[in-house]
Amino acid sequence: MDRIELFKAVSPTIKVSMQLYFNEKGQLIFDGYDSGKGVEDCWGDSDYEYSYTIEPSNVKKFYPILGVPKGDRAALLLELKKRFGTNTAYTDLGKFMTANHIKYEPFTWT
C-alpha cells in the first residue's frame, strides 16, 4: 500500500477528499480537493485544491517521531491517517511538520 484515503466527506454543500501517497520519486504527497457550494461561498470558486510534497530526505524524519519502523511506507501512511484523518488534516499536518522540522512544499489553488 503506497496510497491511503486520509479523509473523505460528502454533504449537500461540499465534497472533501484527502489522500496521502508515495509517488515514483519516493516523495510523500498529501493531496486534497474540496468542491461544492460551500467552497464557492468561502473562496469564490467551486473547487479548492491543496497539497504538500515532502522529499524522501524529510520523509525519513517521520519514522522515529511516529514510532514507525524505518522504511515501512504502509505503516507510515496508516499512522498518519490515525493521527491526522480529520477535516483539519492539511492544517494539522502542516503544523506538525513545522514543529518537527520536517521540510515540505505547500501548494493551494482556488
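The values are calculated or read from the model by the stated rules, or taken from the named source; none is laboratory data. Remember, predicted model here, so these are calculated numbers, not experimental data. Backbone-built Cβ (ideal geometry, glycine too); neighbour counts: all protein chains shown. Note: accessible area is taken over every heavy atom of the protein model, side chains too, but ligands, DNA and RNA are not part of it. Shrake-Rupley method; radii C 1.70, N 1.55, O 1.52, S 1.80 Å.
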(request) Identify the residue in region 1-27 that is open to solvent by 80 Å² or more (accessible area, probe 1.4 Å) and outside any strand (DSSP E or B) and, among all such residues, is farthest from L77 (Cα to Cα). (result) P12
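Could we say that R83 is in contact with a strand residue (DSSP E or B) (Cβ under 7 Å, 6 or more places away or on another chain) and at pLDDT 95 or above here? Steps first, answer last, please.
Details: in contact with a strand residue (DSSP E or B) (Cβ under 7 Å, 6 or more places away or on another chain): no; at pLDDT 95 or above: yes.
So R83 does not fit the description; no.
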(message) Just the residues that are surrounded by fewer than 18 Cβ atoms within 10 Å (Cβ to Cβ) and either more than 14 Å from Q19 (Cβ to Cβ) or aliphatic (A, V, I, L, M) (or both), please, taken from region 74-85.
(response) A74, A75, L78, E79, K82, R83
(message) Regarding region 96-106, can at least one residue be identified that is in a helix (DSSP H, G or I), surrounded by 12 or more Cβ atoms within 10 Å (Cβ to Cβ) and among the polar types (S, T, N, Q)?
(response) no
(request) Scan region 39-52 and give yes if some residue there is aliphatic (A, V, I, L, M), farther than 14 Å from Y90 by Cβ, in contact with a Ser or Thr (Cβ under 8 Å, 6 or more places away or on another chain) and at pLDDT below 95, otherwise no. (result) no
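Per-residue answers, yes or no, for (1) in contact (Cβ under 8 Å) with a residue 40 or more places away in the chain; (2) surrounded by fewer than 17 Cβ atoms within 10 Å (Cβ to Cβ); (3) within 21 Å of W109 (Cα to Cα):
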| position | (1), (2), (3) |
| --- | --- |
| G36 | no, no, yes |
| D47 | yes, yes, yes |
| S51 | yes, no, yes |
| F62 | yes, no, no |
| V68 | no, no, no |
(request) Run down N58, N23 and say which single residue is modelled with pLDDT of 90 or more and within 14 Å of the chain's Cα centre (by Cα). (result) N23
(message) Can you tell me which residue is nearest to F62 (Cα to Cα) among those in region 91-110 that are modelled with pLDDT under 95 and not polar (S, T, N, Q)?
(response) F107
